[in-house]
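Comments concern the structure below.
The values are calculated or read from the model by the stated rules, or taken from the named source; none is laboratory data. All of these numbers come straight from a predicted model, not from anything done at the bench. Counting neighbours? That spans all protein chains shown, and the Cβs are built from the backbone with ideal geometry, glycine included. These accessible areas exclude ligands, DNA and RNA; they are computed on the full protein's heavy atoms, side chains included. Shrake-Rupley method; radii C 1.70, N 1.55, O 1.52, S 1.80 Å.
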Amino acid sequence: MKSTSPAPNVYTYTIMLNFYCKGNSGEADIDECLEEMERNGETLTVRALDFVQRLISRNGLVNVYCFNAIVQGLCITGKLHGALKVLEGMKSCGIAPDVYINSILIHGFCKQGDLEKGLYLIEEMKCNNIEPSLVSYSSLIHGFCKKRRSDIFLGIFRDLGAAGYKYDQTAYSILIKGFCMQEDLDSAVKLMEEMVGNNLAPDPSSFESKIRGFCKTGPLANALELFNMMPKDGILLTIATCNVIIDVQCREGHMEEALKIMNEIQTQGKANLFTYGAVIRGLCKEGRSERALELLPSMLKRNVLPSVVIFSTLIDGFAKQSNSRKALMLCRRMFKTGVTPDVVAYIIRINIFCHSCRTHEACNLFKKMIEKGMEPDNISYTSA
């Protein structure tokens with residue numbers, strides 16, 4: 001392209017920078033210098049930055065989008081301090097950072113847990129007459145929610161409202177989740193009521209957060225009420241929400257209710273490994289290992305491969321019912337399925353052999369576990 005007309009322009013260079021920073025490799029024409037850098041093991045983002053510096057030295061056209069691409073690439077790879085240096089270099093070129101590039105940096109620092117730096121960047125934006133966007137603030141709110149700092153994230157949220165920002169569904173959902181993580185369900189309920197009052201429909205994640213909260217702290221009836229309310233309000237029941245209810249029903253011993261929900265989502269083709277794992281664990285806990293075993297063909301039919309945890313739960317369930325024959329049969333089935341046993345699976349089998357007076361086989365299995373680099377605990381030493 002350089003040897004013919006038309007000559008590359010700023011838009012062309014921006015496309016190339018995005019190409020490099022996103023980690024693609026390529027079919028683009030890369031000049032001799034960039035190829036040499038690649039042979040020397042430089043990362044694509046470093047190559048992109050070098051490319052911009054060379055353009056500047058040659059009085060080439062660069063704009064804010066070129067720097068945005070580099071900063072995004074550095075943030076994706078976790079090199080945030082390098083991204084800050086690029087920001088300084090950008091200013092020295094007379095190019096003012098925009099709200100987009102600052103939002104990328106804020107998101108990067110918040111993702112790494114450096115929320116103070118995120119707050120500092122917000123204040124710096126204001127000092128430079130750059131109005132932070134709702135996206136900029138959302139990264140901070142989400143970060144403080146994860147750290148369970150309701151005093152800060154609610155303050156930011158209210159300040160946004162006072163400044164004229166219109167809250168969206170995502171902002172409310174983040175806050176509701178934050179309160180639920182802190183087990184402050186009263187505040188979460190009030191926030192959802194405020195959300196509805198502002199003509200914003202709660203999304204599935206808002207319901208899921210509250211359901212998780214009530215499942216953890218009680219009362220369970222509140223969680224079930226919300227769960228039953230979702231379809232009536234036209235809210236899609238996600239597999240994550242269904243799994244939360246199934247898990248708590250199993251833990252509370254309400255197996256028939258759990259099985260009913262599992263059958264419904266199984267018919268819809270949504271049941272996953274967690275669904276089956278919770279139900280199998282609940283059934284085995286009640287001594288209904290045969291009923292739990294019946295779920296294995298259903299899993300395989302739906303291309304859900306049983307995990308070592310599921311096999312171990314079933315094996316342990318039959319072992320506790322003194323059915324060592326069925327337990328060992330499941331061990332063989334586990335191997336045939338291609339599932340690698342973990343230390344728990346080994347300990348269960350060692351216990352089965354010990355209780356069946358097959359000490360020699362128990363010792364051999366114990367040695368095999370050691371050979372595979374698995375660390376035994378006091379229970380396995382006592383068993384063997």
Residue check, S206 crowded, with 22+ Cβ neighbours inside 10 Å, of a type in the set (S, T, N, Q) and more than 30 Å from G282 (Cα to Cα):
no
Considering the range 217-247, residues that are of a type in the set (D, E, K, R) and at pLDDT below 85, and then whichever is least open to solvent (accessible area, probe 1.4 Å), we arrive at D233
TODO: Could you please let me know if K190 is at pLDDT 85 or above, open to solvent by less than 30 Å² (accessible area, probe 1.4 Å) and out of contact with any Phe, Trp or Tyr (no Cβ under 7 Å at 6 or more places or on another chain)?
DONE: no
Checking D342, D377 in turn, the sole residue that is acidic (D, E), under 38 Å from the mean Cα position of the chain (by Cα) and modelled with pLDDT of 80 or more turns out to be D342
Only one of G164, G155, G113, G118 is out of contact with any Asp or Glu (no Cβ under 9 Å at 6 or more places or on another chain) and over 28 Å from F207 (Cα atoms), namely G118
- Can G73 be described as in contact with a helix residue (DSSP H, G or I) (Cβ under 7 Å, 6 or more places away or on another chain), under 23 Å from Y137 (Cβ atoms) and part of a helix (DSSP H, G or I)? no
Farther than 26 Å from K326 by Cα, of a type in the set (S, T, N, Q) and touching a Pro at 6+ places or on another chain (Cβ under 8 Å) - does that describe any residue in the range 258-270?
no
Going through the range 169-183 in order, the residues found to be outside any helix (DSSP H, G or I) and open to solvent by 60 Å² or more (accessible area, probe 1.4 Å) are E183
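Condition check ((1) farther than 22 Å from I265 by Cβ; (2) within 21 Å of the chain's Cα centre (by Cα)) across all residues:
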| position | (1), (2) |
| --- | --- |
| D151 | yes, no |
| I156 | yes, no |
| I174 | yes, yes |
| K177 | yes, yes |
| D184 | yes, no |
| R212 | no, yes |
| C215 | no, yes |
